[in-house]
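Below is one structure, written out as structure tokens; the observations come after it.
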Amino acid sequence: MTFNQKVVRIGIITMVLAIIANFCPALYVSTVYDVMPSWVDFVALESILAATFFVSWVVQPISFYPALGTAGTYMSFLAGSVGDIRVPAIQMAQKASHTESCTPKGEVMAVIGVAASVVVSFVFVTVFVFIGQAVIPMFPPFVKESFAYLLPSLFAGVYTNLALKDRESALYTIVCGIGCFAVAKTAHIPGGLIPLFCVICGGIVAQWMFKKRKALQGK
């Protein structure tokens with residue numbers, strides 16, 4: 001059995017167990033306190049969740065898989081915070097080990113990066129749960145307002161790190177991204193679909209650049 005086959009088998013088992021575990025608090029409340037919403041309320045709530053997150057359920061696995069790999073995908077979507085914590089951790093792990101994504105060694109480093117980020121984020125989240133609400137109100141207003149720019153800054157750092165490896169492809173990719181946003185805004189396309197279009201355009205650009213360079217090497 002190959003590595004990916006083992007990963008898929010273990011990943012399915014852990015994801016199923018996680019889904020079951022998610023229902024345990026609700027079952028406890030329902031059993032102990034006899035509190036249970038009606039089926040009408042339950043269906044209405046699930047419909048709202050599906051309408052809100054369905055696009056991300058499709059887009060995010062496709063968008064992040066090239067960076068995460070098979071094992072990293074299962075681990076990251078089980079732990080959460082894929083784009084803002086797991087992907088940057090993978091990029092730093094691969095950079096420190098001088099490995100490339102979409103390679104066997106790169107996938108191993110992706111697993112290590114995700115595992116390390118899960119431990120670190122769990123520790124920090126636990127600490128800030130206890131002290132965060134007491135400390136953050138003491139910060140000046142401009143510091144608290146700057147928190148809104150953390151995620152864009154994080155993605156900018158990841159993009160810059162990758163762009164240094166291939167500046168030409170990075171330039172074409174960001175132009176495609178800006179074009180996708182402009183077209184989506186003009187055509188009133190749902191914002192959740194924009195990352196998928198950016199990924200598709202980025203893949204097309206990468207394939208075109210690969211063929212172009214291969215043709216030049218053949219001359």
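The values are calculated or read from the model by the stated rules, or taken from the named source; none is laboratory data. No experiment lies behind these values; they were computed from the predicted model shown. Counting neighbours? That spans all protein chains shown, and the Cβs are built from the backbone with ideal geometry, glycine included. Only protein heavy atoms, including side chains, enter the accessible area calculation; ligands, DNA and RNA are left aside. Shrake-Rupley method; radii C 1.70, N 1.55, O 1.52, S 1.80 Å.
Couple of notes before you dig in:
- Residue check: L171 meets all listed conditions (1) without any contact (Cβ under 8 Å) to a residue 40 or more places away in the chain; (2) open to solvent by less than 90 Å² (accessible area, probe 1.4 Å); (3) in a helix (DSSP H, G or I) but one, namely (2).
- Summed over region 85-131, residues that are at negative phi, not small (G, A, S) and not in a helix (DSSP H, G or I) total 3.
- Test: S146 is open to solvent by less than 60 Å² (accessible area, probe 1.4 Å) and at pLDDT 75 or above: yes
- The conditions of being assigned to a helix (DSSP H, G or I), free of Cβ contacts under 8 Å to residues at least 24 places away in the same chain and either within 23 Å of the chain's Cα centre (by Cα) or within 20 Å of I62 (Cα to Cα) (or both) are not met by F155.
- The lone exception for C176 - which of (1) open to solvent by 90 Å² or more (accessible area, probe 1.4 Å); (2) at pLDDT 80 or above it fails: (1)
- Residues in region 81-94 that are more than 15 Å from the chain's Cα centre (by Cα) and surrounded by fewer than 16 Cβ atoms within 10 Å (Cβ to Cβ): there are none.
- Any pair with Cβ under 9 angstrom, 6 or more apart, that starts in region 47-65 at a residue that is surrounded by fewer than 15 Cβ atoms within 10 Å (Cβ to Cβ) and ends at one that is among the aromatic types (F, W, Y) and at pLDDT 75 or above: A50/W57; P61/F77
- Enumeration of residues in region 130-167 that are of a type in the set (F, W, Y) and under 25 Å from V87 (Cβ atoms): F147, Y149, F155, Y159
- Scanning region 179-219 for residues that are among the basic types (K, R) and open to solvent by less than 40 Å² (accessible area, probe 1.4 Å) yields no hits at all.
- L78 falls short on exactly one of the conditions (1) modelled with pLDDT of 80 or more; (2) open to solvent by 80 Å² or more (accessible area, probe 1.4 Å); (3) out of contact with any Ser or Thr (no Cβ under 9 Å at 6 or more places or on another chain); (4) closer than 21 Å to A18 by Cβ, and that condition is (3).
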